[in-house]
Each structure stands twice: as structure tokens, then as C-alpha cells.
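The values are calculated or read from the model by the stated rules, or taken from the named source; none is laboratory data. This is a predicted model, so every value here is computed, not measured. Heads up, the Cβs are rebuilt from the backbone with ideal geometry, glycines too, and the neighbour counts pull from every protein chain shown.
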Amino acid sequence: MLNLVSIDKRFGNLPALSAITIEFGRNETVGLIGPNGSGKTTLVNVATAIYGPDSGKILFKGADITNLGAHRIFRLGIARTFQNLRHFPRMTALANVEAAQYGIPGNSLLHLLLGNRRTARSLRENAEWALEQVGLQDVRDRLANALPLPQLRRLEIARILARDPELVFLDEPAGGMTPAESEDMARLIVERVTPNRTCIVIEHKIELIVQVCSRVCVLDAGLLIADGNPRQVLALPAVAEAYLGREAAVA
Ligand code: ADP
Ligand code: MG
């Protein structure tokens, strides 16, 4: 589905990603873990064309997308959530989900302004449906900046569901959450996000990774140091060593 081939990405002298080759299969759910600063978010940024790689290739369903812009990649059906939340704080929850759909072929702000009622209705209905999927229907008219963090992370998931992408990166979907909130997020991901979709999940909460993923990739200092079955990968001495003495908590 998505192939990263020999990806290198440096920031100045710092190799953030070195010779990363990973294939994410159709409808697979893969955990991407590693200590802070190991390159996880950079991998998502490169795969979604926020940055171009210094070298290497990115293929999506066999087509070379290495040099496409972020907008084109988004339209192809690749979406992501952000570790540092991205939403419109002064818009309602519902408007945030509606806005996530602009840019999908056939859905545009122009269509709305021109009063294409069929499109407008489907955008609205689709946003309402997505909010229901994540359990936010009762707060749909609240401003996003009035929502607590767990609900904002759910709002990010609703924005993804409204677009119905084929492949999604979730960057720390349970970041800043209590164990109980993380458990709810894990359930939401399994029930609503992973079915019929390729998912790559970045998370420090290993419980969530084990619950959600059938495969785990481990980055350490920009290198892929393990890739495989979660229990086996997590038992590897090299993986434990990568985390030793670092600030990241393997909870
Ligand atoms: P992770 O998500 O695994 O915590 P990142 O991918 O955010 O790690 O960062 C990997 C390394 O690249 C870190 O050393 C980080 O400081 C550096 N880095 C990430 N983005 C940038 C950037 N835009 N400019 C400079 N350095 C960056
Ligand atoms: Mg990160």
C-alpha cells in the first residue's frame, strides 16, 4: 500500500531518518515506536510530503508519490492526525469536521458558496455522522477551544473519518491522556478507524500499541532497529536498550 524505500532525511548534520525501508500493507495496523527524537514524526512528515526526503522513494499503491505536494497526497487518500493538535479553536466541533472535508474531490468551499445544496447537505450530514462515530454528537455546537484534550483528540479522529482516507497516520492519539482515557481511545481506534484502512499508529503507551497493532516498527536515532510481531519486537534486548536512559516512558 505504502512503501518507503531507502529514505534519508537530515536536519543540518542530524540524521533524523537513515535508510528507512518499510512497507505498510493494505488494511494493516502498524505501531511505530521509539524514544523521543528517534524520527517517528519526521517519518510521518516525509510520508505526507510536509518535507521532501533527501533521498529515497515513496510509493503509494505502486505509484511514485515522492515529489507530490502535501495537498496532492491528501487528495490521494492519505491522512494524519497531529501530535500537537491541529484544529480551528474558534470554530465549533461540527464546523471543524466539515472543514476537514474541503479539498476532497467534489467537496469544496466553492461548492458550498455556490449553494450546491446536495454537496452542502452531504458535508453536514457526513460531519454529523463522523462526530457520532467518536461520541462527540452532544458537543457538536461547542467551540473547539472549549473542549478538553481527550475530546480534541476524538475530534481529530472525526476529521479523519469524515474524509474516509485509505491510509492514516495517528501521531500520539492518546498523548496526554489518563490510562482510562487511553483505553477508550484504543477501543475507538479498533472499532472505527482501523477497519478497511491502513493505519500507522505512533504512541508511547505500549498497552495501546499492543491492543491495536498486529505489527510494530521501532526507530532509534533515525534507524529502523526492529519490525515484526509486537510481543516479539518488544522482547528484543535492542528495543529495551533504545529506551534505556531516555526520557520516553515505556509505560
Ligand atoms: P519523534 O517524533 O520520534 O520524537 P522527531 O521526528 O520529531 O522525533 O525528531 C527527530 C529528530 O529530528 C529530533 O532530533 C528532532 O529534534 C529533529 N527535528 C525534527 N523536526 C525538525 C525540524 N523541522 N528542524 C530541525 N530538526 C528537526
Ligand atoms: Mg513525535
(message) So, in segment 1-14, how many residues would count as being modelled with pLDDT of 95 or more, more than 16 Å from ligand 2 (Cβ to nearest atom) and not hydrophobic (A, V, I, L, M, F, W, C)?
(response) 4
(request) Kindly indicate whether residue 84 is outside any helix (DSSP H, G or I) and more than 16 Å from ligand 1 (Cβ to nearest atom). (result) no
(request) Give the residues of segment 6-27 that are in contact with a Leu (Cβ under 7 Å, 6 or more places away or on another chain) and either near ligand 1 (Cβ under 9 Å from one of its atoms) or not hydroxyl-bearing (Ser, Thr, Tyr) (or both), sorted by residue number. (result) 7, 8, 9, 17, 20, 22, 24
(message) I'd like to verify a number: residues in segment 38-92 that are under 24 Å from residue 153 (Cβ atoms) and away from ligand 2 (no atom under 16 Å from the Cβ), how many?
(response) 13
(message) I want to confirm something. Restricting to segment 145-187 and keeping residues that are under 17 Å from residue 128 (Cβ atoms) and not in a helix (DSSP H, G or I), which single residue is nearest to ligand 2 (Cβ to nearest atom)?
(response) 147
(message) Conditions first: (1) touching a strand residue (DSSP E or B) at 6+ places or on another chain (Cβ under 8 Å); (2) surrounded by fewer than 17 Cβ atoms within 10 Å (Cβ to Cβ); (3) free of Cβ contacts under 8 Å to residues at least 24 places away in the same chain. Residue 226 passes all but one, so which condition is the exception?
(response) (2)
(message) Criterion first (surrounded by fewer than 18 Cβ atoms within 10 Å (Cβ to Cβ) and closer than 29 Å to residue 164 by Cβ) does residue 63 satisfy it?
(response) yes
(request) Under 8 Å between Cβ atoms, at least 6 apart or on separate chains: pull out the pairs that start in segment 36-47 with a residue that is within 12 Å of residue 223 (Cβ to Cβ) and aliphatic (A, V, I, L, M) and end on any residue that is more than 7 Å from ligand 1 (Cβ to nearest atom) and not in a helix (DSSP H, G or I). (result) 43/4; 43/7; 43/17; 43/20; 43/32
(request) Considering each residue of segment 28-57, count those that are more than 12 Å from ligand 1 (Cβ to nearest atom), within 17 Å of the chain's Cα centre (by Cα) and at pLDDT 95 or above, and give that number. (result) 4
(message) Checking the structure you have, find out if any residue of segment 176-192 is on the phi > 0 side of the Ramachandran plot and within 16 Å of ligand 1 (Cβ to nearest atom).
(response) yes
(request) State yes or no: is residue 78 without any contact (Cβ under 8 Å) to a residue 40 or more places away in the chain and away from ligand 1 (no atom under 16 Å from the Cβ)? (result) no
